[in-house]
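Chemist: Before we start, here is the structure in question, set down as structure tokens.
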């Protein structure tokens, strides 16, 4: 029930931002923004997982192609009593992973080649348990909706500046000023909303993963390794989907790290090893 409420609230907040941007084109822009928001809310509910997987060129793999992942995920599903998700591999050397889908019966887990290359079995089990926890906790719908609508907001904000807004003909520059406000305020607001919904989810998924496998050590070790390697090999990720990954995908030197959707890795490890207290 709590996550359903969060989803409704998220839809409302991000839809409001889309309408705010549309208003800079006057009544016509507001109408277009309303229609767009309805379409995107529908699309984000039913297709956000496919959008995210396609964005990162994730490829489905069979049991024969990835026996280790299937064995671990089947074990974790039996421990957490959820259906088996679809398994995908992302052809990227930056180590990371995410889960997506609208519910446990329509869920997918995607792992990068880089993660499979550097993680040992205990560490990979910790990472997969974290993603399974997102599925069990029904975080994946919120995550997918946020990714889709945040992307629309950022695109609309850029368009507001490019086209100057519709009001500039009416108020001699007001539309251009409004467009400038939109490109600055709207993406930051979208990222703040993502941060708000994401940080507590990561702590909870870490705790649930530790409980599912009976030890925090594998996940704690994996988080430290992912942190170290992802700084050296940052991922070509979209800011609108950064919150979906187990590890913030940008380099620590990146401007986007200022708006990290994740709590610090050190704090996550400390909470894990302290029994999540």
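Chemist: With a Förster radius of 41 Å, plug the Cβ-Cβ distance of residue 42 and residue 203 into 1/(1 + (r/R0)^6) and report the FRET value to the nearest 0.05.
Modeler: On the way: r = 31 Å, r/R0 = 0.76.
Once the sixth-power term is evaluated, E becomes 0.85.
Chemist: Another question about this same structure. Please compute, for the alpha-carbon atoms of segment 83-140, the extent along each of the three principal axes and give them in descending order in Å.
Modeler: Result for segment 83-140: principal-axis Cα extents of 29, 22, 16 Å.
Chemist: Based on the mean of other Cβ atoms within 10 Å per residue, sort peptides 82-95, 217-230 so the most packed one is first.
Modeler: Values: 82-95: 19.1, 217-230: 21.1.
Descending mean neighbour count gives 217-230, 82-95.
Chemist: Let me ask something else. Cβ neighbours within 10 Å, averaged per peptide: list 67-77, 238-248 in order, most packed at the top.
Modeler: Peptide ranking by packing, descending: 238-248, 67-77.
Chemist: Suppose R0 equals 45 Å. What FRET efficiency, 1/(1 + (r/R0)^6) with r the Cβ-Cβ distance, do residue 84 and residue 28 give to the nearest 0.05?
Modeler: 0.40
Chemist: Something else now. Place the peptides 45-51, 108-114 in order of packing, highest mean first, counting for every residue the other Cβ atoms within 10 Å and averaging per peptide.
Modeler: By packing density, highest mean first, the sequence is 108-114, 45-51.
Chemist: Let me ask something else. For residue 74 and residue 51, what is the calculated FRET efficiency with R₀ set at 41 Å and r taken between the beta-carbons, to the nearest 0.05?
Modeler: 0.95
Any read-out appearing in this document is the output of simple, stated calculations on the displayed coordinates, not a laboratory observation. The shown structure was predicted, so the numbers you read here are calculated from the model rather than taken from an experiment. Ideal geometry is used to build each Cβ from the backbone, glycine not excepted, and the neighbour counts take in all protein chains shown.
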